[in-house]
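Just below is one structure, and these are the notes that go with it.
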Amino acid sequence: MWGRLSLDALPHDMITIGGVIGGGLALLAGIAALTYFKKWRWLWTNWLTSLDPKKIGVMYLVVATIMLLRGLADAGMLRAQQAVFAAGDGGPISPDLFQQVFSAHGTIMIFFVAMGALFGIVNLIVPLHIGSRDVAFPLLNSISFWLFVAGMVLINLALAVGEFSTAGWLAYPPLSELQYSPGTGVDYWIWSLQIAGIGSLLSGINFLVTIFTMRRPGMSFMKMPIFVWSVVGCMALVVFAFPILTATLSMLSLDRTIGTHFFTSDMGGNPMMYINLIWAWGHPEVYILILPAFGVFSEIVPVFSKKRLFGYTSMVLALMAITFLSFTVWLHHFFTMGAGANVNAFFGIMTMVIAIPTGVKVFNWIFTMYRGRVKFATPMLWFMGFVVTFTIGGLTGVLMAVPGIDFQVHNSLFLVAHFHNMIIGGVIFGFFAALTYWWPKFTGFRLHEGLGKAAFWCWLIGFLLAFLPLYALGFMGAARRLDSYDASLGWQGLFIVAGVGLLIILLGVFFQVVQVGYSIWKRRELAVGADPWDGRTLEWSTSTPIAEYNFASLTPVIYRDEFWEQKHRSDVKKPVELIEPIRVPKNTGVGAGIGLLAVIVGFGVIWHIWWLALAALLGSIVIVIVATLKEDTERIIGVDEIVATEKKLRGVKV
Amino acid sequence: MSKPRLLEQKFLDYKTSTGFWLYLMTDCVLFASLFATYIVLHPATAGGPTSGEIFSLPMALTETIILLTSSFTCGLALLALRQNNLKQLVIWLAVTYVLGVSFLTIELSEFAALVGDGHSWQQSAFLSGFFTLVGTHGFHIFIGLLWLLVMVAVLFKKGITLKVKRQLGLFGLFWHFLDLVWVFIFTVVYLMGVAS
Amino acid sequence: MTSRQREQRSMLIKYILGFLVSLTLTLTAYILVSGQAFSGHTLVFIIGGLALVQMLIQLVFFLHVTDESGPRFRLMSFGFMAIILVIVVAGSLWIMYHLNYNMMDMSSHEKNSLMTTERDKGF
């Protein structure tokens, strides 16, 4: 009746138990606070059932931040093991736990931190940037968020009930097949990603349609902010790459449940096909992560240089080139698997080619700064940190694009340093830049600059200390994912430096947490207006807080950076606003319901509780059918209410 | 209906069909991954039967003609919908449904026969690929038939509303798309499976 | 006949035409294979070609991909998808052929026939 679930599934080792207790206490504290302050109804009606992309965006960011803390905790354990115990007698982290920790670390950081931050910022900013009130499919947007949460719940549930995968963040077969991973670990990994992946796919469709069809009249493609272009590239990649992941995860799951032989090492299965397919998705995935970060920098650099972006057209072409080329390089992740010289040469060349448009973008940002009046506020500092770290990462990437060189460093710490360079220097720094840049828009107060700068320097120095030694270690022969090594190799010193680097990063995180807390406490002193940075794009033309409907009227735009033109050119008049009633989607619990059922489906399949999985699946189908047939899904905001809101929020009479 | 509402409805139609088309594009990539896997694993018969030994071309042709006809009758249904002819619409949708069910029945009987002979997906990588590729298509057909039933139920309850019109349009796209995928399954799995 | 009726007439003709042409293409491919009219490789290319033609017919006549008013998002997204699909599928087949030759346990006969077909294809 309960499949393979039993009391054995509860954790046995002290570290996992500690983690579960810690996480559990945090969750209980949250529940207690909500109960004490009687905020359950508020949470449900104002946030969890909201279809407002601004609210959904914030929720994505909250989840991503919490998962960042878990991912960093995992990183701490890995560094501790490698710096302190690996050269000696073992330490408290068993080899099996170590493997679960690095698998969880990678999976969480990529799928729940980076993707979560990405969708959070996209939800918050894209509708405002194109001058629209909402996304194309608001209910689908909510469902996407809740599927993301469902995946997050499953991967954290693996801590408490059962185990996690030991097969790394990509679960290569044959290790991930039943023969070598008979437990629930790989299944947790599969279903967490499968469910979150469907959420991502639906969001990809949603945002592409939004950008294609809901731009302000007059906003042609070449007048959109570059951030929106970067989202077009990103979502095109999501739409065309994620189905490959869905198919591949399904096939691995079929191998593990009904006895198919796609990737097994017997009966004709071919594990190499898994690696081929997973990277055909995996390479576009890393471009999915970085393109919005590029977009964020394209917004920040012009504003903090008081100069328009250099080379708008070449930026667009570069983005589109990167989007297309992402699909032509995937074999560089497995040069060493044995496809031979011709195949390796083709993909090596394509990998070098894709570096070119990225270089174009970096030069354009620098040329934007040249002869601008540059202000080094925290967002701009994150950009400078990005230029330094991402360039190092890019150089090592082009180095590894040469198959002969890659044969030396593949799967060594050199590789690990390279991709952390790209993801931390690119995606994470971009995320922090976006956070500090757009924070005042949504909250009405700045984040404390001094603490922000301290956080930045800790992250930058910490990052360099944590990862530059890894390049050296990689050249010295250190493989990735090692939980022990011979003390006589002399590696421990560099591992200790890397560990210190992580501690400095954690100090940076501490400064960020304090910064947020302190800024909230001192929000009256730190209060700013609706346009604190003298922005260029439409979001800065709204009030703070932004009205639920974003814009009172959808007046046509004429220029790129329309808001900037309205502010700084006397011959550009603000258009007359025509106020009409606005239709807004009603709140609904459908998204949350589907999220809950998704967790149950996943849990049921993982533990082989088939009746439960089937029942939850049928339930979700029924909910979807009912939701698509519902008529009364919108609410009208009347003209009087709009006029009153505009007076209150913007102090204008419309 | 007022002009602004009409324009709003047209815009909703446009947004929805664009979004659904994009979803179909993602389904194409999903099927492409399964096709690629099927082709790569096609020779891996692990001592079990090869494609030439287990596929019946006449049966596959029958399935193909049934599905093609159902795609045609679905088109006729959409034409009746445009003319606001509820009776014709329901008739053609019913014919489409019957043809779809026939298709699935034949397919399931093929699967059952193979499994009964001991040639299930567990026997070899080739068979795994076959059952998954063809089975995924069959599952899509099943969802389509379920969708069709819901649509007919709504038609009986509410007649032809703008919302139903929009949703039937999407169903049409879905059903045509599934026939298109089948053309490739017929070609790559059955025809090439017997030819090589 | 009003323009509306003309439009509906042309749609009906499109459906009938699409149906009949698709049927013909399907039967042609079937007859070629069951009659064993050509040998291995040629046959594969011919029926592959017939499938592609039928795909185009169904795209235009059933899925109305060319009938878009306004910006051609359907056509563009289909085109982009098609290019990606060709790259991923053809790329995967090319990669796997080489991986299998270099890495999988095949009899020398299998290896020879595989490499001969690869050489004939120009790799």
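Based on alpha-carbon centroids, what's the gap between region A:397-440 and region B:3-59 in Å, whole number please?
35 Å
Amide H of A:His448: which non-local residues (sequence gap of 5 or more, or other chain) have their own amide H closer than 5 Å, using H built in the peptide plane?
Excluding prolines and chain starts, which carry no amide H, the hits are A:Ser519.
Quick check: the angle from helix A:639-650's long axis to the longest principal axis of chain A, C-alpha only, nearest 10 degrees?
80 degrees
Could you grab the Rg to Rh ratio for region A:488-588? Cα atoms only, Kirkwood for Rh.
1.26
Where q = 0.09, 0.10, 0.12 Å⁻¹, what log10 of I(q)/I(0) comes from the Debye formula for region B:3-195, counting one point per Cα?
Cα-only, vacuum Debye calculation for region B:3-195: -0.39, -0.47, -0.65.
Probe radius 1.4 Å, ligands and nucleic acids left out: can you give me the accessible area buried at the B-A interface, summed over both chains, in Å² to the nearest hundred?
Roughly 2900 Å² of accessible surface disappears when B and A pair.
From largest accessible area down, sort A:Thr246, A:Thr323; use a 1.4 Å probe on the protein chains.
A:Thr246, A:Thr323
Residue by residue through region B:13-18, what is 3J(HN,Hα) from phi via Karplus (6.51 cos²θ - 1.76 cosθ + 1.60, θ = phi - 60°)? Round to whole Hz and write x for glycine and proline.
Karplus-based 3J(HN,Hα) across region B:13-18 equals 4, 5, 4, 5, 5, 4 Hz.
Give me the inter-chain shielding for A:264-271: mean count of other chain Cβ atoms within 10 Å, whole number please.
Partner Cβ neighbours, averaged per residue: 6.
Once amide H atoms are placed 1.01 Å from N in the peptide plane, what residues at a sequence separation of 5 or more from A:Phe263, or on another chain, have their amide H within under 5 Å of its amide H?
Result for A:Phe263 returns A:Asn270.
Highest mean first, how do A:560-573, A:46-59 rank when packing is the count of other Cβ atoms within 10 Å averaged over residues?
A:46-59, A:560-573
If you build the convex hull over the alpha carbons only and average its shadow over all orientations, what do you get for region A:12-105? Give it in nm² to one decimal.
Hull-based average projected area comes out at 7.8 nm².
What is the helix-to-structure angle for B:125-158, meaning the angle in degrees between its Cα long axis and the longest Cα principal axis of chain B, kept from 0 to 90 and rounded to the nearest 10?
20 degrees
In the protein assembly as shown, what percent of the accessible surface is made up of carbon and sulfur (1.4 Å probe, ligands and nucleic acids excluded)?
69 percent
Once you charge only the Cβ atoms, +1 for Lys and Arg and -1 for Asp and Glu, what is the size of the charge dipole of chain A about its Cα centre, to the nearest 20 debye?
Roughly 2460 debye, rounded to the nearest 20.
Restricting things to alpha carbons, find the Rg to Rh ratio for region A:104-170 using the Kirkwood radius for Rh.
So for region A:104-170, dividing Rg by the Kirkwood Rh gives 1.10.
Packing-wise, with mean Cβ within 10 Å as the measure, how do B:159-170, A:634-645 rank, highest first?
B:159-170, A:634-645
What are the ³J(HN,Hα) couplings of region C:95-100, residue after residue, when phi is run through the Karplus curve with 6.51, -1.76, 1.60 and θ = phi - 60°? Round to Hz, x for glycine and proline.
Result, ordered by residue: 4, 5, 4, 6, 4, 4 Hz.
Give the cross-link partners of A:Lys574 among the aspartates and glutamates, using a straight C-alpha distance below 14 Å as the criterion and excluding same-chain residues fewer than 8 apart.
Excluding near neighbours in sequence, the set is A:Asp561, A:Glu562, A:Glu565.
For region A:373-443, I need the span (max minus min coordinate) of the C-alpha atoms along each principal axis, in Å, sorted largest to smallest.
Between the extreme Cα coordinates on each principal axis of region A:373-443 lie 50, 26, 14 Å.
Taking Cα pairs under 8 Å and at least six residues apart, what relative contact order does region C:1-67 come out at, in percent?
Computed over region C:1-67, the figure is 43 percent.
With the cut-off at 27 Å, report for region A:119-271 the share of all Cα pairs above it, as a whole percent.
Everything past 27 Å amounts to 37 percent.
Please name whichever of A:Phe376, A:Ser314, A:Trp279 sits farthest to the positive end of the charge dipole of region A:273-398, dipole taken about the Cα centre and charges placed at Cβ: Lys and Arg +1, Asp and Glu -1.
A:Phe376
In terms of modelled amide H atoms, which long-range or inter-chain residues lie less than 5 Å from the amide H of B:Ser124?
none
Using only alpha carbon pairs under 8 Å that are at least six residues apart, calculate the relative contact order of chain C and give it in whole percent.
Contact order relative to length: 20 percent.
For the protein assembly as shown, state what percent of all Cα-Cα pairs lands in each successive 10 Å bin, counting from 0 Å until the bin that includes the largest distance.
2, 10, 20, 24, 21, 14, 6, 1, 0, 0
What does the structure give for C:35-45 when I average, per residue, the other chain Cβ atoms found within 10 Å of the residue Cβ?
2
Can you list, bin by bin at 5 Å, the percent of alpha carbon pairs in region C:1-67, starting at 0?
Pairs per bin, as whole percents: 4, 17, 20, 18, 13, 10, 8, 5, 3, 2, 0.
Quick check: the distance between the Cα centres of region C:33-84 and region A:571-637, to the nearest angstrom?
35 Å
Go through A:173-181, B:143-151, B:50-58 and give me the packing order, highest mean Cβ count within 10 Å leading.
In descending order of packing, they fall as A:173-181, B:143-151, B:50-58.
Buried accessible area between C and B (1.4 Å probe, both chains summed, ligands and nucleic acids excluded), in Å² to the nearest 100?
Approximately 3700 Å² gets buried when C meets B.
Longer than 30 Å from Cα to Cα, which of A:Lys586/A:Lys648; A:Lys39/A:Lys653; A:Lys630/A:Lys653 are they? Say none if no pair is.
From the list (A:Lys586/A:Lys648; A:Lys39/A:Lys653; A:Lys630/A:Lys653), the Cα-Cα distance tops 30 Å for A:Lys39/A:Lys653; A:Lys630/A:Lys653.
Using the Karplus equation 6.51 cos²θ - 1.76 cosθ + 1.60 (θ = phi - 60°), what ³J(HN,Hα) coupling, rounded to whole Hz, does each residue of region A:326-337 give in order, writing x for Gly and Pro?
Each residue of region A:326-337 in turn: 3, 8, 10, 10, 4, 5, 5, 7, 9, 3, 7, 6 Hz.
Rounding to the nearest 20 debye, state how big the charge dipole of region B:3-195 is about its Cα centre with +1 on each Lys and Arg Cβ and -1 on each Asp and Glu Cβ.
1420 debye
Normalising by the residue count of chain A, find the relative contact order in percent from Cα pairs under 8 Å and 6+ residues apart.
The normalised contact order for chain A reaches 17 percent.
The values are calculated or read from the model by the stated rules, or taken from the named source; none is laboratory data. In this text the structure is predicted, and so the values were computed from the model without any measurement. Virtual Cβ from ideal backbone geometry, glycine too; neighbours counted across all protein chains shown. We work out accessible area using only protein heavy atoms, side chains counted, and drop any ligands, DNA or RNA first. Shrake-Rupley method; radii C 1.70, N 1.55, O 1.52, S 1.80 Å.
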